[in-house]
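What follows is a single structure, written as structure tokens, with notes after it.
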Amino acid sequence: MRLAQRIYLGLVLVIAVLVLVLAALSSMRLKHALEQSEIRRLTREASFVAAEWTAAADADALANAAGAALDRRVTLIDSTGRVIGDSEFDGPALALLENHSARPEVAAAESGDTGVTRRSSVSRGDAEIYVAVPGPHGGAARVSMSTVQLATLVRSARRDVLLSGAIALAIALIVATVIARHVTRPIVELRDVARAVAGGDLSRRPVLAAGGEVGELASAVRDMADQLSGRLMALEEEEGLLLAALESLHEGVVAVDAQRQVVRLNESARDMLGLRSPTPFAATMLPHDTALHDVLGSALAGVAPVPIEVALGGRILAITARPLRGGGALVAMLDLTARRRLEAVRRDFVANVSHELRTPLTVIGGFAETLVTDDVPPPQRIQFAEAIRTNAERMRSIVDDLLDLSRIESGGWRPMPEAVEVRTVADEVIDSARRDPRAEGKSLVLDIDPAATTIDADRTAVQQILVNLVSNAVRHTPAGGTITLFTRTEPDAIALGVNDTGSGIGAEHLPRIFERFYRVDTARSREGGGTGLGLSIVRHLVEAHGGRVTAESELGAGTTIVAHFPAPVRNRPAAGAPAAPG
């Protein structure tokens with residue numbers, strides 16, 4: 001029930017009760033006052049009749065005359081209680097009246113007092129008031145009246161009171177309506193504002209300017225909304241900051257509540273775990289790894305487990321879980337894949353470098369010790385010295401290639417692109433290769449596409465790329481074979497490659513030939529003087545230009561290695577135009 005209705009009903013109830021109580025009290029008091037007034041009047045009238053009642057007077061005639069004059073019932077009773085005169089009874093009827101000596105008012109009058117009694121009248125059938133006074137010769141003179149007139153007056157007065165109460169009630173309802181609207185309107189407004197604030201609309205404020213407690217309540221609601229707005233804004237800013245920090249982490253973070261529901265996880269965690277479901281979702285949807293779920297279960301049980309490493313989806317993850325106060329757990333994941341790969345590469349690199357340098361160092365040390373301690377004949381001495389020189393040169397080549405590779409990988413070298421004429425650089429590389437004794441009996445061919453004669457690249461880098469590719473082809477191509485240095489156009493690229501008709505490379509080795517020190521045939525590569533770093537240098541140099549390197553090979557059919565350089569802007573086909581043929 002609304003406040004206005006409660007005010008209406010309250011006022012109606014109060015006024016109705018007051019009117020009823022007032023009507024009842026006023027009726028009772030009016031009835032009592034009227035009866036007392038009539039009793040006093042009846043006493044005077046009875047005294048007047050008693051004064052007129054002489055010994056010589058006819059009692060019945062006197063009663064009839066007095067009754068007619070007073071409009072009352074007048075009764076004269078002798079000292080024995082016998083009715084000797086009555087204004088309502090004559091003759092035989094009078095003689096039949098019972099003895100009145102036992103009547104209370106008659107008994108009181110015979111004792112010398114005024115007797116008053118109220119009782120129902122057998123003869124009249126209604127309630128009457130009887131007043132009796134002592135007679136001059138004994139007995140009593142009694143006057144009575146019916147209470148019908150008094151009851152009529154009381155009922156009339158009661159109706160007037162009830163009518164007045166109804167009028168007062170109508171006026172009170174009008175006043176109550178005005179008061180209720182005045183009181184409830186600001187309360188309703190405060191209610192609407194409170195509901196809006198509770199619903200998240202913190203822009204709502206009470207606009208009323210009332211006095212008293214309602215005004216104080218409106219001011220308190222306004223202050224509360226201001227504080228809530230400020231605190232919520234601060235919380236949203238803090239949550240946004242935490243969310244931004246959480247999403248910027250490379251570590252994966254997963255929050256699980258006490259009901260084993262994943263309530264939050266950042267993008268790194270989604271990538272590591274391969275999850276795309278919106279939160280919240282059940283923790284059972286996490287990858288089915290026993291170690292991961294054991295760690296999570298321990299944290300949810302309130303125990304901080306020992307960090308572990310697990311392999312998930314081709315990644316190596318370090319997982320740490322911590323219980324949260326009040327239930328739940330927080331799981332942090334660090335992707336160690338790259339670190340472990342780098343550690344493996346570093347171990348392989350150290351092992352490869354040690355192995356590559358150990359052989360020439362052993363040769364140099366052995367021959368040098370022989371030259372120092374033994375009396376070696378001059379021809380053999382020359383042979384030993386040549387072996388020392390060859391291995392020292394090999395060591396120098398390895399060190400030079402390692403320094404070049406380190407400079408490229410560390411960013412210490414940056415390409416200086418320019419328009420490089422491929423034919424000019426290729427002619428220099430081929431002329432140098434033809435002077436290599438290992439190229440004897442092998443054909444070196446230059447095939448330049450007229451549409452791909454120029455590339456935007458660092459000239460020194462292009463020359464080093466071609467030297468490495470041609471040297472590899474020369475080492476692995478038998479006598480009578482052909483080595484072709486070529487160019488061709490591609491969509492948005494210029495391809496610069498070397499093709500040979502050598503022994504070829506097995507398909508299982510192709511993905512790794514650009515790794516440092518990787519050799520398909522270790523013995524042949526060392527015999528040919530290779531360092532195992534040439535193709536790795538080629539890959540880094542091409543990638544430094546924004547390009548890529550590909551390799552195609554078939555055992556016994558030769559190998560083709562191609563460096564794809566971004567095409568010069570001036571050589572790129574216009575949108576919608578066909579690319580130049582390759």
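For this structure, a couple of remarks:
- Residues in region 83-97 that are farther than 21 Å from A56 by Cα and part of a helix (DSSP H, G or I): P92, A93, L96.
- Region 315-331 - residue that is over 19 Å from H250 (Cα atoms) and surrounded by 12 or more Cβ atoms within 10 Å (Cβ to Cβ) and, of those, modelled with the lowest pLDDT: G327
- Hey, Q5 modelled with pLDDT of 85 or more and closer than 30 Å to L163 by Cα or not: no
- Every condition in (1) of a type outside the set (D, E, K, R); (2) in contact with a Leu (Cβ under 6 Å, 6 or more places away or on another chain); (3) part of a helix (DSSP H, G or I) is met by I171 except one, and the failing one is (2).
- Among residues of region 370-406 being polar (S, T, N, Q) and in contact (Cβ under 8 Å) with a residue 24 or more places away in the chain, the one that is surrounded by the fewest Cβ atoms within 10 Å (Cβ to Cβ) is S397.
- In this structure, P415 does not qualify as outside any helix (DSSP H, G or I) and in contact with a Gly (Cβ under 8 Å, 6 or more places away or on another chain).
- Residues that are surrounded by 13 or more Cβ atoms within 10 Å (Cβ to Cβ), more than 28 Å from V154 (Cα to Cα) and among the β-branched types (V, I, T) within region 47-81 comprise V49, I77, listed in sequence order.
- I179 vs. criteria among the β-branched types (V, I, T), in a helix (DSSP H, G or I) and without any contact (Cβ under 8 Å) to a residue 60 or more places away in the chain: no
- All positions within region 247-273 that are out of contact with any strand residue (DSSP E or B) (no Cβ under 6 Å at 6 or more places or on another chain) and hydrophobic (A, V, I, L, M, F, W, C): L249, A258, L273
- Sole residue being modelled with pLDDT under 80 and out of contact with any helix residue (DSSP H, G or I) (no Cβ under 9 Å at 6 or more places or on another chain), chosen from G211, G274, G200, G215: G211
Yes/no matrix, rows are residues, columns are (1) buried (at least 22 other Cβ atoms within 10 Å of the Cβ); (2) assigned to a strand (DSSP E or B); (3) of a type in the set (K, R):
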| position | (1), (2), (3) |
| --- | --- |
| N99 | no, no, no |
| A102 | no, no, no |
| V106 | yes, no, no |
| G112 | no, no, no |
| V143 | yes, yes, no |
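- Qualifying residue in region 32-46 (condition: surrounded by fewer than 18 Cβ atoms within 10 Å (Cβ to Cβ) and in contact with a helix residue (DSSP H, G or I) (Cβ under 6 Å, 6 or more places away or on another chain)): yes
- Candidates T117, T184, T80, filtered to the one that is among the hydroxyl-bearing types (S, T, Y), in a helix (DSSP H, G or I) and either assigned by TED's automatic domain parsing to the domain that holds H32 or touching a residue at least 40 places away in the same chain (Cβ under 8 Å) (or both): T184
- Annotation: of all residues in region 223-266 being over 18 Å from the mean Cα position of the chain (by Cα) and of a type in the set (D, E, K, R), the one that is nearest to L324 (Cα to Cα) is E251.
- Scanning region 377-427 for residues that are at pLDDT 75 or above and within 28 Å of T484 (Cβ to Cβ) yields P415, P417, E418, A419, V420, E421, V422, R423, T424, V425, A426, D427.
- Residue check, D431 over 21 Å from A557 (Cβ atoms), surrounded by fewer than 19 Cβ atoms within 10 Å (Cβ to Cβ), in the same structural domain as V562 (by TED's automatic domain parsing) and in contact (Cβ under 8 Å) with a residue 24 or more places away in the chain: no
- The one condition in (1) charged (D, E, K, R); (2) closer than 29 Å to E554 by Cβ; (3) assigned to a helix (DSSP H, G or I) that R488 fails to fulfil: (3)
The values are calculated or read from the model by the stated rules, or taken from the named source; none is laboratory data. Bear in mind the structure is a predicted one, so any value in this text is a computation, not a measurement. Cβ: placed from backbone, ideal geometry, glycine included. Neighbour counts: every protein chain shown.
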